[in-house]
1. Would you compute, for the Cα atoms of segment 21-87, the largest minus smallest coordinate along each principal axis and list the three values in descending order, in whole Å?
2. For the peptides 42-50, 90-98, what is the packing order when you average, over each peptide's residues, the other Cβ atoms within 10 Å and list the highest mean first?
3. How much length would be gained if the chain were fully extended between residue 53 and residue 28, taking 0.36 nm per residue of separation minus their Cα-Cα distance, in nm to one decimal?
4. Hey, with R₀ at 30 Å, roughly what FRET efficiency would residue 92 and residue 63 work out to, going by the Cβ-Cβ distance, to 0.05?
5. Using 0.36 nm per residue, how much length does the chain from residue 41 to residue 80 gain when fully extended, once their Cα-Cα distance is taken away?
């Protein structure tokens, strides 16, 4: 009896190609810290909350955009990026750019 080949268990490029930018960015933000399974559960919870509000209040879905979490707390993002560069061995000095 021949042995069947192993099934292809390679990961998908994204958890779901139908996700809008907000849940997809939430997945990528959480997957690195919490793991892929927990990130999927968190995204599922977010989608259920979104669906609940759409049904309850009879409103259209308004996507907040892929950079919503970056716009939410820019200081936190700045600290994180500075910390990452310092971990990679760079010395970082920040200076604000003033528009003319």
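1. 47, 25, 14
2. Result, highest mean Cβ count within 10 Å first: 42-50, 90-98.
3. Numbers: separation 25, 0.36 × 25 = 9.00 nm, distance 2.37 nm.
Length difference between fully extended and current span is 6.6 nm.
4. On the way: r = 33 Å, r/R0 = 1.09.
The calculated FRET efficiency here is 0.35.
5. Values: separation 39, 0.36 × 39 = 14.04 nm, distance 2.46 nm.
Working it through step by step, the gained length comes to 11.6 nm.
No value in this document is a laboratory result; all are computed from the given coordinates. Just so it is clear, the structure is predicted and the values come from calculations on it, not from any experiment. Heads up, the Cβs are rebuilt from the backbone with ideal geometry, glycines too, and the neighbour counts pull from every protein chain shown.
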